[in-house]
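The values are calculated or read from the model by the stated rules, or taken from the named source; none is laboratory data. Note that the structure is predicted; figures quoted are calculated from it, not measured. Here the Cβ positions follow ideal geometry from the backbone for every residue, glycine too, while neighbour counts run over all protein chains shown. SASA here: full protein model, heavy atoms, side chains in, ligands and nucleic acids out. Shrake-Rupley method; radii C 1.70, N 1.55, O 1.52, S 1.80 Å.
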Amino acid sequence: MQNCIPTRKDDIYLEIEKFDKYTFTHCITYEFARRNSNVENILNFLNDLFVLYEFIIYKPLKTYESMLKSNRKFENKKNIENILKDKIYEAIKFHTETQWIIEFEDLTLDNIKQKISKLIKSLTNKLYEDYYVIYKNEFESQFKHAHEIYDFRDNIERDKALTEHVTANEFDKYNNEDNDYFSIFQSLNKNKKEFTFNSIYPKFKTAMRDFTDTKVMLNIKLPLDELIDFITKIKKDYNSKESIIKSKIEQLEDKLNFNNEELKKGKNVNWADMFFIYDYLQYFIRSSSKTQSVIASDLEILLSKYHYVKVKKEENEIKRVKDKKNCEMSWGEALKYSKEFTLNDDEDITEVDFSIPGITPYLNKKTITTNLNKMESYIEGEDPKYKSLIHS
């Protein structure tokens, strides 16, 4: 979470406005996931473990291993082990993962690397299995020895069938290229001059688990409109109650009830607003400096300053039935407009007065509260709703 007060102009919200259509759901899901408090705690815990290894454990461990090789005695071994154990205990307790304390009771310099690796692997697996997040080393330049305790290739295998194919067909000729949107893997049997593998994979830029597991056979030499029509028919069938396409759960005749909910795509700018609303609320809830009602009032103003203020048109300004009943004024224009309603011309007005009839904010308190409730349902808890967006 942010350490300073979020503003609507922050890069994070401007990036959301620019999400590509093909990767929209994946990117939005990642924004939900990284705000989940359980995900945040695991990520911080992993970061602390890598810091511990890099700056506290690595040096004495390497010294110990070097002395073992030369058959020299390592002084104060037990004392150093106790110090390292205490440091690990502190991290475990701080991140409320106390079930791991017993794992480190018999810690020694001989097993410390294995034990930390086991803990890290468990945490990254929990991210992957429970929250669909793939752990990546965001501080590679600082954690130069992180690869000794964690394999960063874990959980990023694109396709098991691809891995098996490459292993079994070492004499094929391969083509593996990518661009900003997709990657392609082709293998050609040099004798038969036929493709033995030919797949295109979407290229998502976010560290989310990829549930791409359905192969659709296409002849990409066909016209674009024909391909689009074919994919559309498949998707429509999948969304229907009578679909012939079965999920894994349906195939196994599982009785669990999952909600296969698809995220409704509003304008990207609307989602950027909603993430800003959520982050702004979380910042002040954590600092306990403002009530939710005051925060909602702040957001009315902040979003109106960023977007516009709605001002009701006069009857004679509405030319057609379909015309908007409100005009959109910038904050500065709305400020001048609201001054016309004041009784005292000398009064210094710095905020638009939303109590004036016909002047309304970009989003009112009720809408802001509704959006907050929606965001909380997607983000928070042990089983956050965002998971239903990319997997059922």
**Asked** What are the pairs, 6+ residues apart or on separate chains, where a residue within the stretch 229-247 that is under 18 Å from Phe211 (Cα atoms) and surrounded by 12 or more Cβ atoms within 10 Å (Cβ to Cβ) has its Cβ under 6 Å from a residue that is polar (S, T, N, Q) and modelled with pLDDT under 85?
**Response** Ser247/Ser392
**Request:** For residues that are open to solvent by 20 Å² or more (accessible area, probe 1.4 Å) and part of a loop (DSSP other than H, G, I, E, B), scanning just the stretch 6-28, find the one that is modelled with the lowest pLDDT.
**Result:** Asp20
**Asked** Consider Ile57 against the criteria (1) crowded, with 19+ Cβ neighbours inside 10 Å; (2) in contact (Cβ under 8 Å) with a residue 60 or more places away in the chain: it satisfies all of them except one. Which criterion is unmet?
**Response** (2)
**Complete:** Scanning the stretch 22-46 for residues that are among the aromatic types (Phe, Trp, Tyr) and out of contact with any Leu (no Cβ under 9 Å at 6 or more places or on another chain), the one nearest to Glu90 (Cα to Cα) turns out to be Tyr30
**Asked** If you check every pair at least six apart or on different chains, which have Cβ atoms under 8 Å apart with a residue in the stretch 202-216 that is modelled with pLDDT of 75 or more and part of a loop (DSSP other than H, G, I, E, B) first and a residue that is of a type in the set (Asp, Glu) and surrounded by 12 or more Cβ atoms within 10 Å (Cβ to Cβ) second?
**Response** Lys203/Asp178; Phe204/Asp210
**Request:** Could you check, for the stretch 208-219, whether at least one of its residues is open to solvent by 60 Å² or more (accessible area, probe 1.4 Å), within 23 Å of the chain's Cα centre (by Cα) and acidic (Asp, Glu)?
**Result:** yes
**Message:** Suppose the filter is hydroxyl-bearing (Ser, Thr, Tyr), open to solvent by less than 80 Å² (accessible area, probe 1.4 Å), under 30 Å from Thr124 (Cα atoms) and modelled with pLDDT of 80 or more; does Ser199 pass it?
**Reply:** yes
**Scope the stretch 217-233; condition part of a helix (DSSP H, G or I) and among the β-branched types (Val, Ile, Thr); matching residues** = Ile228, Ile231, Thr232
**Message:** Being out of contact with any helix residue (DSSP H, G or I) (no Cβ under 6 Å at 6 or more places or on another chain) and within 21 Å of Glu380 (Cα to Cα): is that true of Asn41 here?
**Reply:** yes
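Condition check ((1) under 20 Å from Asn44 (Cα atoms); (2) surrounded by fewer than 17 Cβ atoms within 10 Å (Cβ to Cβ)) across all residues:
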site: Leu61; (1), (2): no, no
site: Glu65; (1), (2): no, yes
site: Ile83; (1), (2): no, yes
site: Lys87; (1), (2): yes, yes
site: Lys93; (1), (2): yes, yes
site: Phe104; (1), (2): yes, no
site: Leu109; (1), (2): no, no
site: Leu119; (1), (2): yes, no
**Asked** Just checking, which of Thr108, Thr98 is free of Cβ contacts under 8 Å to residues at least 12 places away in the same chain and either touching a helix residue (DSSP H, G or I) at 6+ places or on another chain (Cβ under 6 Å) or of a type outside the set (Phe, Trp, Tyr) (or both)?
**Response** Thr98
**Asked** In this structure, does Phe45 turn out to be open to solvent by less than 30 Å² (accessible area, probe 1.4 Å) and either touching a Gly at 6+ places or on another chain (Cβ under 9 Å) or farther than 22 Å from Ile149 by Cβ (or both)?
**Response** no
**Item:** Pairs with Cβ under 9 Å, 6+ apart, first in the stretch 157-170 and of a type in the set (Ser, Thr, Tyr), second surrounded by fewer than 11 Cβ atoms within 10 Å (Cβ to Cβ) and at pLDDT below 70
**Value:** Thr163/Glu157
**Item:** Matching residues in the stretch 225-263 - criterion: being within 23 Å of Lys385 (Cβ to Cβ), at pLDDT 50 or above and either of a type in the set (D, E, K, R) or within 27 Å of the chain's Cα centre (by Cα) (or both)
**Value:** Lys235, Tyr238, Asn239, Lys241, Ser247, Glu250
**Prompt:** What do you reckon, is Tyr89 free of Cβ contacts under 8 Å to residues at least 24 places away in the same chain, assigned to a helix (DSSP H, G or I) and either touching a helix residue (DSSP H, G or I) at 6+ places or on another chain (Cβ under 7 Å) or not charged (D, E, K, R) (or both)?
**Reply:** yes
**Prompt:** Taking the stretch 29-71 on its own, how many of its residues are under 30 Å from Ile12 (Cα atoms), in a helix (DSSP H, G or I) and not aromatic (Phe, Trp, Tyr)?
**Reply:** 18
**Prompt:** Only one of these conditions is not met by Gln114: (1) exposed (fewer than 12 other Cβ atoms within 10 Å of the Cβ); (2) touching a residue at least 60 places away in the same chain (Cβ under 8 Å); (3) part of a helix (DSSP H, G or I). Which number is it?
**Reply:** (2)
